[in-house]
Amino acid sequence: MKFTPTEDQQAVQATARDFATHEVLPKAAEIDREHRHPAELVKRMAELGFLGIAVPEQYGGSGLDHVSYVLAMEEISRACASTGVIMSVNNSLVCDPIYRFGTEQQKQEWLTPLASGKLLGCFALSEPEAGSDAAAQKTVAEKQADGTWVINGTKNWITNGPVADVCVLFTMNDKAAGHRGITAFILPMKTPGVRVGPPDDKLGIRGSKSSQIFLDDVRLSQGHVLGEVGGGFKVAMSTLDGGRIGIAAQAVGIARAALEDALAYAQQRRTFGKPIAQHQAIQFKLADMATEVDAARLLTLRAAWLKDQKLPYGKEASMAKLYASDVANKAAREAIQIFGGNGYVTEFPVERHFRDAKITEIYEGTSEIQRLVIAGHLAKGG
Ligand code: CAA
């Protein structure tokens, strides 16, 4: 067992850290304050090859592995969780399913520009009444006599929705078949009948634009079906297994931000004649935060490594996301406590970490859903 990243992985980590420190971090507070989509950072991530890290080079990606993806995600999310999730959705929820389920033609047409960052993607599974119960899809796809599909419905909280060029869309085409009646499509967002709602006004990750997507008699040819007709639920579930590794890495990044900011503050803030970092009450907090950040990172790297080895990783991905999201929330809460009054005002970054951390317990499956997934694997002996 080796705990040392390979040379390639270290190079990706170093590039991501340099980019995050010098280009992302200085803008993070402003992106949050202004609720601004960081288009210039997305462009830079495309140039750095961060939008399709694990996609083979022949399809516009960087040809690296998921461990590299996790290392880069942590660095970028440590600087700005909004920028991190934009990257994660494109890599995990858009490029990955098109790579695994797409036809050669779909890979040429859609994966190549998405992985190279010429286009940006979104993933539309959730609906007003289908969040945790993802199989309860009400968006309907009906096949016409000429073979065209006509799609009607509403999608909710779609990360990247307002800025995406392409959407991996889930629909119900056979209600009686339940989850076996769900079909995935590759939807160009400029298709007539697609309307994007106003950006959601969110607690955190305010630079990540999300919205409703309304589909009104949207017509797509058979060539836009991703995977098999009726195979969409498996596309969604297997994609989310991988996505949860990305969100775990985002949570590790947020937790690390809370820890690093709290440590730096504790070393210069003085009470009772000494830096608060020399008070045991603060030392215990920092020690727990550091231990938990490491444990969360190791769970996340294990899940990514399993995916790279083509071994089962669904349970481990859920464990990583469950634990890392909890750690991010605890670390951000403790960081505010260490900052005291300064932790509660926007002049300092830890209240942003606190707001950003919460979503990691919700999207790509709530913590309750992660527990269901883990327990399901345990019941099957996995
Ligand atoms: N991979 C492949 N297939 C899977 C699978 C997986 N990980 N998990 C389940 N399946 C298959 C099962 O094998 C089964 O198939 P068969 O019937 O053909 O054997 C089928 O799917 C149904 O399985 P379940 O009965 O377990 O499904 P369920 O309806 O009970 O749902 C669930 C299970 C875990 C609760 C699921 O609905 C779920 O994960 N819900 C959460 C949804 C979610 O994570 N949404 C996130 C939205 S995207 C997002 O958040 C993006 C963003 O903003 C950044």
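The table below lists the values:
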read-out: Looking only at segment 159-183, and only at residues there that are part of a strand (DSSP E or B) and either more than 19 Å from L226 (Cα to Cα) or in contact with a Pro (Cβ under 7 Å, 6 or more places away or on another chain) (or both), the one that is most open to solvent (accessible area, probe 1.4 Å); value: T159
read-out: Count of residues meeting criterion [assigned to a helix (DSSP H, G or I) and away from the ligand (no atom under 15 Å from the Cβ)] in segment 347-371; value: 6
read-out: Only one of A332, A296, A290 that is in a helix (DSSP H, G or I), closer than 26 Å to F3 by Cβ and open to solvent by less than 20 Å² (accessible area, probe 1.4 Å); value: A296
read-out: From A317, A357, residue being open to solvent by less than 30 Å² (accessible area, probe 1.4 Å) and touching an Asp or Glu at 6+ places or on another chain (Cβ under 7 Å); value: A317
read-out: Residue count, segment 46-74 (criterion: closer than 18 Å to G121 by Cβ and either in a loop (DSSP other than H, G, I, E, B) or under 18 Å from the mean Cα position of the chain (by Cα) (or both)); value: 17
read-out: Residue within segment 243-260 that is within 30 Å of A79 (Cα to Cα), surrounded by fewer than 22 Cβ atoms within 10 Å (Cβ to Cβ) and acidic (D, E) present; value: yes
read-out: Evaluation of T4 against (1) without any contact (Cβ under 8 Å) to a residue 24 or more places away in the chain; (2) under 24 Å from F348 (Cβ atoms) (one fails), failing number; value: (2)
read-out: Positions within segment 201-212 being in a strand (DSSP E or B) and closer than 25 Å to E40 by Cβ, in sequence order; value: S210, S211
read-out: Unique match (being at pLDDT 95 or above, farther than 19 Å from G253 by Cα, within 16 Å of the ligand (Cβ to nearest atom) and not β-branched (V, I, T)) among G84, G121; value: G121
read-out: Residue in segment 45-55 that is open to solvent by 10 Å² or more (accessible area, probe 1.4 Å), closer than 21 Å to H224 by Cα and of a type in the set (G, A, S) present; value: no
read-out: Per-region count, segment 213-242, residues open to solvent by 10 Å² or more (accessible area, probe 1.4 Å), within 11 Å of the ligand (Cβ to nearest atom), in a helix (DSSP H, G or I) and not polar (S, T, N, Q); value: 5
read-out: Any helices (runs of 4 or more DSSP H) falling wholly within segment 81-158 and containing at least 3 residues that are open to solvent by 10 Å² or more (accessible area, probe 1.4 Å); value: 96-101
read-out: Residue list for segment 53-66, restricted to those being of a type in the set (A, V, I, L, M, F, W, C) and out of contact with any Ser or Thr (no Cβ under 8 Å at 6 or more places or on another chain); value: L64
read-out: Output for segment 201-215, where each listed residue is within 20 Å of H353 (Cβ to Cβ) and more than 17 Å from the chain's Cα centre (by Cα); value: D201
read-out: Selection from segment 339-359 of residues that are in contact with a Leu (Cβ under 8 Å, 6 or more places away or on another chain) and not basic (K, R); value: I359
read-out: Contacts under 8 angstrom Cβ, first residue in segment 233-246 being farther than 12 Å from M319 by Cα and polar (S, T, N, Q), partner buried (at least 24 other Cβ atoms within 10 Å of the Cβ) and at pLDDT 95 or above, 6 or more apart; value: S238/P97; T239/S92; T239/L93; T239/D96; T239/P97; T239/F123; T239/V168
read-out: Qualifying position, being farther than 26 Å from S325 by Cβ and either open to solvent by 10 Å² or more (accessible area, probe 1.4 Å) or not in a helix (DSSP H, G or I) (or both), among D8, D32; value: D8
read-out: Residue match in segment 264-283 (condition: of a type in the set (F, W, Y), more than 16 Å from the ligand (Cβ to nearest atom) and not in a helix (DSSP H, G or I)); value: yes
read-out: Residue in segment 65-79 that is closer than 16 Å to V168 by Cα, of a type outside the set (S, T, N, Q) and open to solvent by less than 10 Å² (accessible area, probe 1.4 Å) present; value: no
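The values are calculated or read from the model by the stated rules, or taken from the named source; none is laboratory data. Just so it is clear, the structure is predicted and the values come from calculations on it, not from any experiment. Neighbour counts are summed over all protein chains in view; Cβ atoms, including those assigned to glycine, are modelled from backbone coordinates with ideal geometry. These area figures cover heavy atoms from the full protein model, side chains too; ligands, DNA and RNA do not enter into them. Shrake-Rupley method; radii C 1.70, N 1.55, O 1.52, S 1.80 Å.
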